[in-house]
Amino acid sequence: MRIILQTSLAATACLPIAALAEPMEAIDASSVIIVSALRTPTPVDTVASSLTVLDKRAIDASQAPVVSDLLVRTPGISFTRNGGYGTATSIRIRGAEGDQTVLVIDGVKLADPSSTGGGYNFATLMTGDIDQIEILRGPQSILWGSQAIGGVVSIVTAQPDRPLEASADIEAGSRETVNARAAVGGKSGAVHWRVAGGRFTTDGISAISPRFGGKELDGYTNSTLNGRLGIALSPAFSIDLRGYHAKG
């Protein structure tokens with residue numbers, strides 16, 4: 001099963017992600033490139049695995065500040081979170097345990113060695129400068145190691161297309177919630193670079209039910225910074241340096 005989610009109208013932002021899916025025939029599936037299925041750039045229409053691809057427009061239209069809220073709107077995904085934003089969050093694919101989901105950002109496999117099973121804590125992972133999310137369901141242990149029993153979540157951050165480009169946005173809502181993002185980058189000849197940052201803050205809600213005296217607010221603040229620098233030395237060889245930092 002392959003699902004490619006795209007949006008084209010701002011008016012659809014309040015709809016569930018599943019409702020934003022377009023038929024495969026409505027877009028050029030051969031132009032969508034993924035890396036999670038074979039660990040190499042592959043056109044999505046040549047992959048037989050159960051896969052969902054969220055592009056930049058679908059991510060923005062969802063208005064989800066954290067990746068876990070976005071993933072749970074796709075088929076076969078559930079999550080557990082110990083309270084509001086910032087508390088321990090595990091992603092489960094097809095009923096597997098949270099530490100059996102592998103997270104990959106720009107080709108780098110991430111894990112939390114301090115946790116019991118080594119699984120990644122999705123609490124601090126914001127949508128920020130993400131350009132594409134691939135959700136590969138089913139055992140992928142041969143490609144991604146023994147942890148990938150449930151599946152793989154592969155994230156690709158944005159790359160510059162013009163000599164100099166920049167973007168910024170800010171959102172605000174109830175409970176003193178503010179989400180701001182900004183990015184700048186460029187591409188000139190064999191060199192491309194991009195730096196992006198974000199700040200999310202909210203007064204939050206109580207992790208304890210008001211019926212049991214939970215009246216205090218559990219606020220949360222998250223700051224993220226990511227960047228990349230690439231130099232193409234030849235058509236077949238390049239140097240790529242990337243970094244991702246999140247503090248919550």
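Some notes on this structure:
- Total formal charge among the other residues, if their Cβ is under 13 angstrom from that of residue 188, Lys/Arg +1 and Asp/Glu -1: +1
- Here the range 156-209 exposes an accessible surface that is 56 percent carbon and sulfur, computed with a 1.4 Å probe and the other protein chains kept in place.
- Sites residue 234 and residue 159, calculated FRET efficiency, Cβ-Cβ separation with R0 25 Å, nearest 0.05: 0.85
- Bridgeable aspartates and glutamates around residue 56 (alpha carbons under 13 Å apart, same-chain partners fewer than 8 residues away excluded): 129, 131, 134.
- Rounded accessible area per residue of the chain, 1.4 Å, Å²: 51 Å²
- Sites residue 167 and residue 246 - FRET efficiency at Förster radius 22 Å, r taken between beta-carbons, to 0.05: 0.70
- Exposed loop positions in the chain were taken to be GluC sites (Glu not before Pro) whose DSSP state is not H, G, I, E or B and which have at most 16 other beta-carbon atoms within 10 angstrom. Between these positions, the longest stretch is 1-96.
- Simple spin-label estimate for residue 175 and residue 209 in nanometres, 7 Å along Cα-Cβ: 1.8 nm
- The distance from the alpha carbon centre of the range 123-149 to that of the range 180-234 is 18 Å, rounded to a whole number.
- Taking 0.36 nm per residue of separation and subtracting the current Cα-Cα distance, fully stretching the chain between residue 142 and residue 184 would add 11.4 nm.
- Building the convex hull from the alpha-carbon atoms of the chain and averaging its projection over directions returns 14.7 nm².
- Neighbour net charge for residue 150 - beta-carbon separation under 14 angstrom, K R +1, D E -1: +1
The values are calculated or read from the model by the stated rules, or taken from the named source; none is laboratory data. Please read these numbers as outputs of a predicted model, since none were measured by experiment. With ideal geometry, Cβ positions are generated from the backbone for all residues, glycine too; neighbour counts draw on all protein chains shown. All accessible areas refer to the heavy atoms of the entire protein, side chains included, with ligands and DNA or RNA removed. Shrake-Rupley method; radii C 1.70, N 1.55, O 1.52, S 1.80 Å.
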